[in-house]
1. Please report the carbon-and-sulfur percent of the accessible area for segment 70-192; probe 1.4 Å, protein heavy atoms only, DNA, RNA and ligands left out.
2. Among 46-56, 303-313, how do they line up from the highest to the lowest mean number of other beta-carbon atoms within 10 Å?
3. What figure in square angstrom, to the nearest 10, would you give for the accessible area of Ser114 with a 1.4 Å probe?
4. In the structure shown, do any of Lys239/Lys294; Lys239/Lys318; Lys33/Lys301; Lys120/Lys270; Lys294/Lys347; Lys270/Lys290 have a Cα-Cα gap over 22 Å, and if so which?
5. Amide H of Gly339 versus every other amide H placed in the peptide plane: which residues, excluding those fewer than 5 positions away on the same chain, fall under 5 Å?
6. In whole Hz, what ³J(HN,Hα) sequence does segment 142-152 give by Karplus (6.51, -1.76, 1.60; θ = phi - 60°), x for Gly and Pro?
7. First obtain the Kirkwood hydrodynamic radius of segment 222-328 from its Cα pairs, then insert it into the Stokes-Einstein equation at 10 °C and 1.306 mPa s, and state the resulting D in µm² per second as a whole number.
8. Based only on Cα atoms, what Rg/Rh ratio does segment 302-353 have, Rh being taken as Kirkwood's radius?
Amino acid sequence: MSNKLKLLVLIVVTLLNTQGCIESNPSNALEPKTDPLTGIIYSTTVLGTVPPYVDIVIDDTSFYFYDVDNNNICKMNKVTGQKKVLNVGNSSFRCLCHDANYLYGHDVGDNSRSIYRIDKNFTTNPEQIFYSLEKMIYKVKAGGGYLYLQLLGRTNLGQTQVEFCKYDFSKIDTIDVGVGYTWFDVDSENVYWMPNDSLLNSTLWKMSHSSSVPVKLANQGSYYSQMSESYIYFWNNDKNLLRASKQSSIVETIISVPVGFYDDNEFIIKDEKLFVTDYHDGTLRVCNLKSYKKRLVTLEKKGRYDDYEMNRWLWADKDAVYWIAGPNEDTQPYDGQWGTLFRTVVKDSVVNHSDRW
């Protein structure tokens, strides 16, 4: 091989390797900003892009989601944006949940009859662990060695009925929990749910994974809830945001109506700060819950997007807040386009600005 040819090969290989690094690590770190009203110091980076119409789940290290176009499960590092991909060959992981070791997936609509799982390191092929011939799988959560399932069945009169049950891995059997629940979630110790026993007032319940006896947490809930490590957040009929302690059942009002966000906004609470995203204007806003003047302040503004295309668009861990929008203020993902996943790290300034709100 001539020296010129060797040089040409070296240049091509170098360009390909560089391109791969850029695609696998799309973060573009910006200089930290300081919000003048709150004194909050924050910085935002781009992790990458995520698809619409699928579930996106998060654990200690990564995001996981299904790539509809290529039948791939993607694992994206929460800090670097690097991706690992596994081709699963079908759409059975469009809807995702997870526990410490596995991802569990099912399809939607008439095809939602089976549940598959793969290990989070992508070292195994999809394994079918549940199949339903007569009922469609609507939603699944994993916790405590069980899968909790909402199944769509039929009453004797032919009406659609939502049935709630748990699947026991050790016994390969399902156990009925109840019917008609509008919301449920799990942690390592309990399953929590809110039945639609009334349009005006729903009861919030919890039950240990090893038990069959539910415990009442609150009577003031409505149809929408959000769960953190210690609390369950929900709206009451007056559109106030409440939270119930998972342990003591104490209910307190966190935000009252005038704060300026609504029950169709995504919200999450981290370090006594309420973060809110709004798909209408592509914003990330924050409210200091320790301040006596609880007002939302916009930290970032990006492109707006269609909320019907993203099943969820806000997460948080101990390090950062993660949210989805268009990449710039004048852009909008729509009609099946992938959204941009942002990572915003938020810190308080040394000076306490809470009284200036």
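1. 43
2. My ranking of the peptides, most packed first, is 46-56, 303-313.
3. Its accessible surface works out to 20 Å², give or take rounding.
4. The answer is Lys239/Lys318; Lys120/Lys270.
5. Residues meeting the criterion, in which the H sits 1.01 Å from N, are Val50.
6. 10, x, x, x, 10, 10, 9, 10, 9, 10, 9
7. Translational diffusion coefficient: 110 µm²/s.
8. Across segment 302-353, the Cα-based Rg/Rh ratio is 1.10.
The values are calculated or read from the model by the stated rules, or taken from the named source; none is laboratory data. Values in this document were obtained by computation on a predicted structure and should not be read as measured data. Note that each Cβ is placed from the backbone with ideal geometry, even for glycine, and that neighbours are counted across all protein chains shown. These accessible areas exclude ligands, DNA and RNA; they are computed on the full protein's heavy atoms, side chains included. Shrake-Rupley method; radii C 1.70, N 1.55, O 1.52, S 1.80 Å.
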